[in-house]
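Reviewing the structure listed below.
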Amino acid sequence: MIYTGYTMRQLRFWATNLTGLLLLLCSLQLWAAAGKVEFVSGSVVAISNAGTRPLQKGSDVNASDLIDTQASGRAQIRFSDGAYLSLAPNTKFRIDRYKFNGSNDGEETGFFSLLKGSFRTISGLIGKGKKEAYQVTTQTATIGIRGTEYTAEENNGLKVMVHKGAVLVTNDAGSTLVPAGTQIFVPAKNKPAQIIKSGTTASGPLKTPSTLTGLPDTGLEGQTGPCIETTASVGYPSTPASVTARSCNQF
């Protein structure tokens, strides 16, 4: 028998406390923030079961948070998977489910809801491998990504403009693949998408209206606000290099 200088009671005590510490570390990992606020202008709050808290630069945002930019607010958020989100004034955006462990391990999830208002986003690693891992739900349709930078607005229908990549917009009328340079309008959850501005060919149940009151050719790109610009090392298998991303609040 090897003498360690510790009694069995002391060893059990340390083993129990070590187990507790490991469980605490795992818990902290599970409850890690979904993202951080990088820019705020005006009044922006996060609403959760714990109450309402104001957001400022450096604030964490978490799964289940409802982000409300209110009438004067704008916010830009960077998520832990590298995605950027820029919210316009009078927008309500909820983080329904979010999980990212640092890589696409099959458990990554980014489910969001746009209740009203507008946003522009550059997608991150979530959705790069498993497309169904990313989804934005609105009252009119759901949006899935194909490696994307796009703008969306929910206001008496859904407007989507794709700047890079493609998105898949789905509702009760079917699914529409929207490529870069194309803007669509979905008037209702049971109505098909309509092409407002065409870049390359869009596939799906599309109709081109002769006129659409209140939606000029510039559509969601009519106004310009603060821009996001960042350079980071991105570990995509196909492009393991530094990438500079720039996105503006254009609504």
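Using a cut-off of 32 Å between Cα atoms, the listed pairs LYS131/LYS159; LYS36/LYS164; LYS57/LYS197; LYS57/LYS189; LYS57/LYS191 include LYS57/LYS197; LYS57/LYS189; LYS57/LYS191 as exceeding that distance. Ordering 158-170, 67-79, 39-51, 106-118 by mean Cβ neighbour count within 10 Å, with the highest value first, yields 158-170, 67-79, 106-118, 39-51.
Work through the residues other than LEU177 whose Cβ is under 14 Å from its Cβ and net out their charges, Lys, Arg +1 and Asp, Glu -1. Within the 14 Å Cβ shell, the charges total +2.
With a Förster radius of 22 Å applied to the beta-carbon distance between GLU107 and GLU132, the computed FRET efficiency rounds to 0.95.
Multiplying the sequence separation of GLN56 and ARG97 by 0.36 nm and subtracting their Cα-Cα distance, what value in nm do you get?
Fully extending the segment from GLN56 to ARG97 adds 12.5 nm.
Spacing of the modelled spin labels on ASN90 and SER175, each 7 Å from Cα toward Cβ, amounts to 3.4 nm.
No lab work stands behind these numbers, since they all come straight from the coordinates. Only a predicted model underlies this, so the values are computations on that prediction, with no experimental measurement involved. For neighbour counting, all protein chains shown are included, and Cβ atoms are generated from backbone atoms with ideal geometry for every residue, glycine included.
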